[in-house]
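Engineer: Here it is: the structure, laid out below.
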Amino acid sequence: MQTFLRFILCSLCLLFIASAATAQTNPTPASTTGTATVTGIIKNGDTPFGNVALSLVPDRGAFNRGGNFNQQPQVNSAYKTTTDTSGKFTFTNVPAGRFRLEAQAEAFVGTRSESLTVADGQTVTTPDLTLARGGVITGRVTGSNRPLIAQRITIQRLTDDGQAQPFFGGNPQGIETDDRGVYRAYGLPAGKYLVSAGESDTGFGRGGPGRPGTRTATKYAKTYHPDAVEITQATTLEITPGQVIEKADIRLGEPLKRYVASGRVVDADSGQPLAGLLITASVNSGRGGPGAGGGDNSATSAASGEFTLSGLLPGDYAAGLGRSPNSSTNYYGKTVPFQITDGNISGLTISVKLGASVAGIVTLEGVTDPAQKARLLQAMVMAQVRSAGGGGNAAQGERGGGGGSTGRSSVARLNPDGTFVLSGLAAGRVTLDLNSFGGNDTGGTLSILRIERESVSLASGFDLADGQQLTGVRIVAAIGNGAIRGQVVVQGALPAGSRLQVSARSLASGQSEFAQINAQGQFRFTGLLPGSYEITVSGGGLAGGRGGGGQGGRGGGTQPNNTTQPQATLPTVKQVVTVTNGVETPASLTLTIAQ
């Protein structure tokens with residue numbers, strides 16, 4: 001459960017911090033300085049391409065639990081340089097790891113390299129990265145014979161089997177029409193494309209109400225070039241290398257009508273109206289309640305408990321309590337589904353109950369550096385609730401009986417003194433976790449040592465009764481910046497299709513970290529707390545499957561026609577190492593394959 005919670009929060013919060021590029025230099029990142037060098041040449045066709053800004057970024061495929069990249073520098077590291085007049089570039093002081101080379105040349109295609117594996121002290125010369133000017137599609141979007149401003153444009157690329165896939169080309173932030181109603185999509189590889197403007201067929205389609213950044217209040221039905229509302233009637237645009245397709249105009253119909261949904265929030269036990277609660281509407285996907293934050297389609301209940309959600313397009317919705325780390329509530333309840341067709345909706349009743357809460361404090365152990373202590377205030381405490389017996393409980397607002405609910409989770413920011421309050425929780429089994437931004441090799445990773453209350457351990461979870469207000473919870477954390485750098489030596493030949501994997505299990509907490517083993521048999525764990533760890537290298541996979549023996553976590557696919565193949569059995573090798581903060585501990589494991 002803790003692994004899942006960490007993954008969810010890290011997926012939301014990881015940010016890349018860019019720094020200015022200077023010719024033939026790459027400022028040493030704040031995270032890790034290495035001893036490797038990466039060099040190569042960028043070409044524009046057959047001609048050297050000078051003055052191209054480049055970035056060497058960690059390969060995201062090496063993501064693991066806790067927000068670290070195995071064998072990677074800090075995720076927000078910025079290794080940057082610029083090609084000289086001969087198209088040559090050099091990155092120095094690169095740590096060991098897996099990277100991708102990215103060229104900041106948005107109008108060109110071929111701007112990313114394949115994954116590069118870098119070892120300590122190694123000089124890696126990359127294959128020439130050849131760029132070519134991408135294609136362009138441009139046109140004008142109109143409605144009622146006038147240009148439409150700030151309309152979002154969707155580009156879809158057709159696969160070989162005719163499937164339409166979203167594609168952004170050189171416009172990673174999206175494409176909008178300008179003050180003339182003109183759009184321009186550039187950096188497009190050769191291929192077949194569909195271009196459209198307007199909304200999808202759900203209330204929160206791309207560019208719909210609640211999408212951050214939408215500057216226009218007028219919405220139109222999704223329409224493909226030139227004026228098709230059905231994708232089967234859309235005109236396909238085929239681009240050859242570097243081609244510019246002009247006058248790919250789109251004519252939109254009448255603006256879509258928008259509607260409101262209104263109702264009341266009441267206490268489920270007393271039936272009395274409740275004021276000041278945030279109510280949100282979200283597309284009803286059948287997977288739970290509204291998302292945090294509320295967006296544009298949110299409202300606060302009045303003294304009478306009444307609320308009005310406006311700007312809704314036709315579609316299926318669910319209304320319920322909104323919550324976020326900055327907007328909490330002591331209540332929880334089931335969401336109410338409703339449908340907008342061609343009119344307003346009224347009479348919605350959202351029944352909520354006073355939820356349970358968990359209050360406590362987070363402290364750091366063994367940290368004296370004020371800067372390190374300040375990192376604690378970036379943390380969030382998370383609670384996840386499972387109802388008794390593991391099933392849904394409609395009375396408690398749990399999943400079940402159709403529709404979603406709130407109360408199954410809560411997130412709280414820390415106060416300046418380290419205290420926190422998690423509120424609006426349903427009854428059930430509660431597990432707590434802690435996550436922070438910016439875990440890295442130098443700063444270390446924030447990890448929980450123990451969770452307790454009145455000297456009783458709560459690390460494995462605790463039961464919370466309906467409406468219970470639990471106080472005095474203490475989360476003791478530490479910052480680990482120990483590391484393990486290992487080498488796996490394989491004696492003998494790995495069976496075809498087998499793969500190796502490595503884990504590091506803390507003998508104190510029992511928690512495990514996982515890393516990839518690269519083609520050279522190297523692996524690395526970072527952000528570890530001091531203590532003893534059991535390193536385990538094992539293998540598996542289907543004989544004859546895909547993948548090489550040196551790539552942990554890769555390969556091992558199934559055979560065509562679902563034919564079951566004999567499984568390749570590999571020995572398991574273990575080694576116990578002791579980790580110290582600020583020190584990289586070596587490990588070497590030999591895997592002997594029986595011939």
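No value in this document is a laboratory result; all are computed from the given coordinates. Everything numeric here is computed off the predicted structure, so don't read it as measured data. Note that we place each Cβ from the backbone using ideal geometry, even for glycine, and neighbour counts take in every protein chain shown.
Engineer: For residue 219, which lysines qualify as cross-link partners when the Cα separation must be under 26 Å and same-chain residues fewer than eight apart are set aside?
Structural biologist: 247, 257
Engineer: Return the FRET efficiency for the residue pair residue 46, residue 122: r is the Cβ-Cβ distance, R0 is 30 Å, and the value is rounded to the nearest 0.05.
Structural biologist: Details: r = 29 Å, r/R0 = 0.96.
That gives a FRET efficiency of 0.55.
Engineer: For the residue pair residue 471 and residue 373, what label-to-label distance in nm results when each label sits 7 Å from Cα along the Cα-to-beta-carbon direction?
Structural biologist: Reported label-point gap for residue 471 and residue 373 is 2.5 nm.
Engineer: Pop a pseudo-label 7 angstrom from the Cα along the beta-carbon direction at both residue 165 and residue 341 and give the gap in nm to one decimal.
Structural biologist: The answer from the label model is 3.9 nm.
Engineer: Right, here's the next one. Check residue 419: other-chain or 5+ apart residues with amide H under 5 Å from its amide H, H built from backbone geometry?
Structural biologist: 362
Engineer: Here's a follow-up. Cut-off under 16 Å on the C-alpha distance; same-chain residues fewer than 8 positions from residue 353 excluded. Which aspartates and glutamates are left, in chain and number order?
Structural biologist: Once the sequence-local aspartates and glutamates are set aside, what remains near residue 353 is 267, 269, 398, 466.
Engineer: Calculate one ³J(HN,Hα) per residue across segment 471-483 by plugging θ = phi - 60° into the Karplus curve 6.51 cos²θ - 1.76 cosθ + 1.60, and present them in order as whole Hz with x for glycine and proline.
Structural biologist: Calculated HN-Hα couplings, in order: 10, x, 6, 10, 9, 9, 10, 8, 10, x, 10, x, 8 Hz.
Engineer: If you don't mind, there's one more thing I want to ask. Convert 4 °C to kelvin, take the viscosity as 1.567 mPa s, use the Kirkwood radius over C-alpha pairs of segment 97-192 as Rh, and evaluate the Stokes-Einstein diffusion coefficient in µm²/s, rounded to a whole number.
Structural biologist: So the translational diffusion coefficient is about 82 µm²/s.
Engineer: Can I ask one more? Explain nothing, just compute: Karplus ³J(HN,Hα) = 6.51 cos²θ - 1.76 cosθ + 1.60, θ = phi - 60°, for every residue of segment 171-182 in order, whole Hz, x for Gly and Pro.
Structural biologist: With the stated coefficients, segment 171-182 comes to 10, x, 8, x, 10, 10, 6, 8, 5, 9, x, 9 Hz.
Engineer: List the residues whose amide H sits under 5 Å from the amide H of residue 259, counting only those 5 or more places along or on another chain, with H placed 1.01 Å from N in the peptide plane.
Structural biologist: Sorted by chain and number, the residues that satisfy this are 311, 312, 313.
Engineer: Under a straight-distance cross-link criterion of Cα-Cα below 17 Å, which aspartates and glutamates are reachable from residue 80, leaving out those fewer than 8 residues away in the same chain?
Structural biologist: By straight Cα distance, residue 80 reaches 59, 102, 106.
Engineer: Around residue 59, which amide H atoms from residues at least 5 apart in sequence, or from another chain, sit under 5 Å from its own amide H, with H modelled in the peptide plane?
Structural biologist: 98, 99, 100
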